[in-house]
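Bear in mind these aren't lab numbers, they're just calculated from the coordinates by the rules spelled out. Note that this is a predicted model, so its numbers are computed, not measured. Here the Cβ positions follow ideal geometry from the backbone for every residue, glycine too, while neighbour counts run over all protein chains shown.
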Amino acid sequence: MGARRAWVTGNGPRARSAQRGLHEREDKIAEYEGYALKALESDEQGLALEVADKIAALEAAREQEQAHLGQLAASVAELRKSVAMAEGNIRRL
């Protein structure tokens, strides 16, 4: 039971936090895309380029966050497998 509790208290909140951060980045990207369109419509090329740079940075951070979530999911799957094996070993004792 301790391993399950460790998973819930350790990985659960981290996964939720990472997912929340990912959603926040996606919202910011959409927001900045709107700003970029407005800048282009107003013929403000310089501003549009600055906003495009910000979007590129946010997209790079989003990709890193997605990779982190993938690694976290793999760790959770491995931990679940280990817990199941340990529980099986305990039952056999």
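Observations, loosely collected:
- Listed candidates (i) 75, 16, 12; (ii) 50, 25, 20; (iii) 32, 30, 22 - label of the one calculated as Cα extents along the principal axes in Å: (i)
- Karplus 3J(HN,Hα) series, Hz, for the stretch 80-90 with 6.51 cos²θ - 1.76 cosθ + 1.60 (x for Gly, Pro): 4, 4, 5, 5, 4, 5, 5, 4, x, 4, 5
- Signed unit charges on C-beta, dipole axis of the chain, positive-most listed residue A84, Q45, A18: A84
- Subtracting the Cα-Cα distance of A67 and R91 from 0.36 nm times their residue separation leaves 5.0 nm of extension gain.
- Amide N proximity, the stretch 19-54 versus A60 label position 7 Å along Cα-to-Cβ, cut-off under 17 Å: 25-26, 29, 49-54
- Size of electric dipole in the chain: Cβ of Lys, Arg +1 and of Asp, Glu -1, about Cα centre, debye, nearest 20: 1340 debye
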